[in-house]
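Structure first, commentary second.
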Amino acid sequence: FIAATHIPSRNLQQTALYGYSHNWTRGNAVVYYRLRITALSGPVSYSRVVPVHFIKGNGSMMIYPNPSHGEARLSVKASEKQTTTISLYDVHGRKIGCRPVTIPAGEQSISLQETQNLPPGAYYIRIQLNGKNETAPIILQ
C-alpha cells in the first residue's frame, strides 16, 4: 500500500466524518484502499481492505467509485470549455434524469447527485463530450 493522502484529525472526543475523493484517471482498474487510523492517544489500527472499481467510459469519461454506495463522481477530460447534458438511464434505456453542466477545458470531477436515493441496480451515465456521445455503466449497491 502507498499513501493516497493524509487527513488531519479535528481532535474531537467524539465520532467525526472525514472524506477524500481520489480522482483515478488511468482507465479501468480495481484499486484497494484501507485506512491507517491513529488514535489521539497514539495507538495505530487499520481498517479492512475495500476494493473500488474504476470503470472508464468509451472515451474521455470515467465514473468512480464503481460500484457506489451513494454519491458517485464523473471524471471528464474536455478539449475545450463546453456546455452539455449529463443523462442517467436505467438498464431498459429509460431516461431517469438529466441536467445541464458547463465543463471547463481540462480534467474535471463532477458530483453525480443523480445517483443518490436510487434503488440498487445497474444504470448508465451519458454525456456528449468533445463532440462525441460517451456512455459508461454505474452499479449502485
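Structure notes:
- Pick from the range 43-65, criterion in a loop (DSSP other than H, G, I, E, B) and at pLDDT below 85, ranking: surrounded by the fewest Cβ atoms within 10 Å (Cβ to Cβ): ASN58
- Unique match (being touching a helix residue (DSSP H, G or I) at 6+ places or on another chain (Cβ under 7 Å), at pLDDT 85 or above and not charged (D, E, K, R)) among ALA122, ALA105, ALA72: ALA72
- In the range 1-42, the residues that are open to solvent by 80 Å² or more (accessible area, probe 1.4 Å), of a type outside the set (Ser, Thr, Tyr), part of a loop (DSSP other than H, G, I, E, B) and modelled with pLDDT of 70 or more: PHE1, ILE2, ALA3, HIS6, PRO8, ARG10, ASN11, GLN13, GLN14, ARG34, LEU35, LEU40
The values are calculated or read from the model by the stated rules, or taken from the named source; none is laboratory data. It should be emphasised that the depicted structure is a prediction, and the values quoted were computed from it without experimental measurement. Neighbour counts run over all protein chains shown; Cβ positions are idealised from the backbone, glycine included. What goes into the accessible areas is simple: the full protein's heavy atoms, side chains included, and nothing from ligands, DNA or RNA. Shrake-Rupley method; radii C 1.70, N 1.55, O 1.52, S 1.80 Å.
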